[in-house]
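The block underneath contains the structure these notes are about, expressed in C-alpha cells.
The numbers here are math on the coordinates, done by the rules we state, and not lab data. All of these numbers come straight from a predicted model, not from anything done at the bench. Methodologically, a virtual Cβ is constructed for each residue, glycine included, from the backbone with ideal geometry; neighbour enumeration extends over all protein chains shown.
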Amino acid sequence: MANWFEQLERDLSSPLAVRRFGTGWFSGFFALLLAVSGLGMVIALRWPNWFTMPELAPLYQWSGLRPLVHLALLAAYALALLSLLLRPRKAIGTTALIIALLATLLGGAAVQPRETYDWGVFFGLDFFVVNMIASGLMFAPIERLFPRRADQRLFRQEWREDLFYYLLSSMLVQLITFLALAPSGFINGATGNFAAFRSAIASQPWILQFLEVVVLTDLVQYWFHRAFHRVPFLWGFHAVHHSAKSMDWLAGARMHFFEIIALRGVTSLPLLTFGFAPSVMQAYIAFVYIYSSLLHANLGGDLNILGRVVATPRFHHWHHAIEDVAVDKNFAIHLPILDRLFGTHHLPDGQWPTGYGVPEAVPRGYWAQFAYPFQRRRA
Ligand SMILES: [Zn+2]
Ligand SMILES: [Zn+2]
C-alpha cells in the first residue's frame, strides 16, 4: 500500500517533460480529481447524516446533482482509460479507475441514503469535495499559466501535510463555526437594547454591508495577526503557518487548529454583534476562503499599482519572506493601507522575497505541529 502511494506520488510529480500535453498526465490528473470528487459525493448521498452539512441542503434538492455526479464518474472512467492508453506509467490511471469503481460499487449517482444513526455531528465531507473541486479547478490551472516560480512542482514538498490541513479544516468547518460563534450568541443575548442599531445596519444595501464587513474584519484581523507575531506563546501557534517553505494555494491552509478557532471567533464577533445580514456574512466567509488561497498562490505579476489598494499575492508573499527586512510586516489580509497606517508596510516595487519560512525548526507533520506550541513553550 505504502509502495503504491509512493508510485502514485512519483507519477503525479514527474518532471515537466513527462507531464506535457499528450503524455496522459493531464487526463490522469483530472480523472483522479473527478473520481475522488465523485466518490465523495456518492458517500455524502449514501450517508447524509454523517457526511453532509445542513447549509448545503439546496445542493441536494437540486435535480441536476445526480446527473452531474453521473457525468463526473463517466468522465473519470474515460479520462482514466485515456491516461492508461497514453502513459507508460500506470499509477495515476489505475488509481483513478479503482476510485471510480469504488464509487460505482457504493451505488454510483443513483445511490439511496442509508438509514444511519444520527450522531448530531457531521463532517462536511461534501463541503471538502465542493471546496476541493472549486479551488483545485481554479488554482491549479492559473498557477500553471502565471507562475511565480515556474520550476515549482504541483506536488511540491510537504503537499500531503497541507492537503491534510485543508481536509481537516473543511471537514470540521461545522464544529469550528459552532465554537467560533458560541461567544457571539451570548453577547447578542446580553445586548438586546442595541436592536435598533443592528436593524439599521442590516437595512443598508447589501454591497455596502459587504464592504463594511471587509474593512471591519481586516481591522480586527490585523491586530489579532500582529498579536500572534509579537506575543511569544501565541507565536508558537502562528509559526506553524509560517513554516511553509514553498508558497501555493494549498500552503495557506496550514494553520494550527486553535489559531483557526480563535481567528474565526475573534473576527466574527464584531460582525455578528453589529447585526449584518446573514447572507453578507456567508458570502464573506466564502470570499475570505478563496481570497486567502489566492494570497498564498504561486502566482506572479508585480501588480504595483493595484497592490497599493488591495492585498496581492506579492504582498502576502512578503509576509512569509525569510528576509530580515520583512519580519513582522504586512499583517493585513485585504487592505494594505492598514499596514501603512500602523507602520508595518513592506512592498518594494517589483521585488519578490528570495525564500519563505521561519528561522526556527518547526517539526513536519500535522500532529507534531499540533503539539509544537506547547513543546516550544516548555523548551
Ligand atoms: Zn503571519
Ligand atoms: Zn499566510
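Among Ile142, Ile43, a tally of other beta-carbon atoms within 10 Å of each Cβ gives an order, fewest to most, of Ile142, Ile43. With a ≥ b ≥ c the root eigenvalues of the C-alpha gyration tensor of the stretch 173-378, is it rounded (a/c under 1.5), prolate (a/b larger than b/c) or oblate? Oblate, because a/c is 1.5 or more while a/b does not exceed b/c. Placing R0 at 25 angstrom, the Cβ-Cβ distance between Val231 and Trp352 gives a FRET efficiency of 0.30 after rounding to 0.05.
Please work out how much length the chain gains when fully extended from Glu6 to Ala371, using 0.36 nm per residue of separation minus the C-alpha to C-alpha distance, in nm with one decimal. Provide the component values of the computation, followed by the final result.
Working: separation 365, 0.36 × 365 = 131.40 nm, distance 2.71 nm.
Full extension from Glu6 to Ala371 adds 128.7 nm.
Are there DSSP H segments in the chain that both extend 20 Å or more along their axis (alpha-carbon positions) and score a mean Kyte-Doolittle hydropathy of at least -0.5? List them, or say none. Spell out each step's value before the answer.
Working: long enough: 25-46 (31 Å, 1.79); 65-86 (31 Å, 1.98); 91-105 (21 Å, 2.23); 125-145 (30 Å, 1.28); 173-190 (26 Å, 1.37); 206-230 (36 Å, 0.54); 257-274 (26 Å, 1.47); 278-296 (28 Å, 0.98).
Long hydrophobic helices here: 25-46, 65-86, 91-105, 125-145, 173-190, 206-230, 257-274, 278-296.
Quick check on the exposure proxy: order His238, His345, His319 from fewest to most C-beta atoms within 10 angstrom.
His345, His238, His319
Per-residue Karplus couplings for the stretch 340-352, computed as 6.51 cos²θ - 1.76 cosθ + 1.60 with θ equal to phi - 60°, are listed in order as 5, 4, 9, x, 10, 8, 8, 8, x, 3, x, 9, 10 Hz, Gly and Pro entered as x. Each residue in Ser14, Ser293 was given a count of other beta-carbon atoms within 10 angstrom of its own, and listing them fewest first yields Ser14, Ser293.
In the chain, the calculated helix contribution to ellipticity at 222 nm averages -20000 deg cm²/dmol per residue, counting -39,500 (n - 2.57) for every DSSP H run with n ≥ 4. Is the chain rounded, prolate or oblate when judged by the Cα gyration tensor, a ≥ b ≥ c being the square roots of its eigenvalues, rounded requiring a/c under 1.5 and prolate requiring a/b larger than b/c? Oblate, because a/c is 1.5 or more while a/b does not exceed b/c. Candidates Leu303, Leu84, Phe29 compared by Cα position along the dipole of the chain: farthest toward the positive end lies Leu84, with charges placed on Cβ. Here the chain is assigned +1 on the Cβ of each Lys and Arg and -1 on the Cβ of each Asp and Glu. Its dipole about the Cα centre then comes out at about 540 debye. For Tyr356, nonlocal amide neighbours, meaning residues 5 or more places apart or on other chains whose placed amide H falls under 5 Å from its own, are Ile322. Amide H contacts for Leu299 (H built 1.01 Å from N in the peptide plane; partners 5 or more residues away or on another chain; cut-off under 5 Å): Arg148. Simple spin-label estimate for Arg364 and Trp223 gives 4.0 nm between the two label positions (7 Å along the Cα-to-Cβ direction from each Cα). Candidates Asn3, Leu102, Pro58 compared by Cα position along the dipole of the stretch 2-122: farthest toward the positive end lies Asn3, with charges placed on Cβ. Cα centroids of the stretch 226-253 and the stretch 33-64: 32 Å apart.
Treating only the Cβ of Lys, Arg, Asp and Glu as charged (+1, +1, -1, -1), what charge dipole size does the stretch 250-379 show about its Cα centre? Round to the nearest 20 debye.
380 debye
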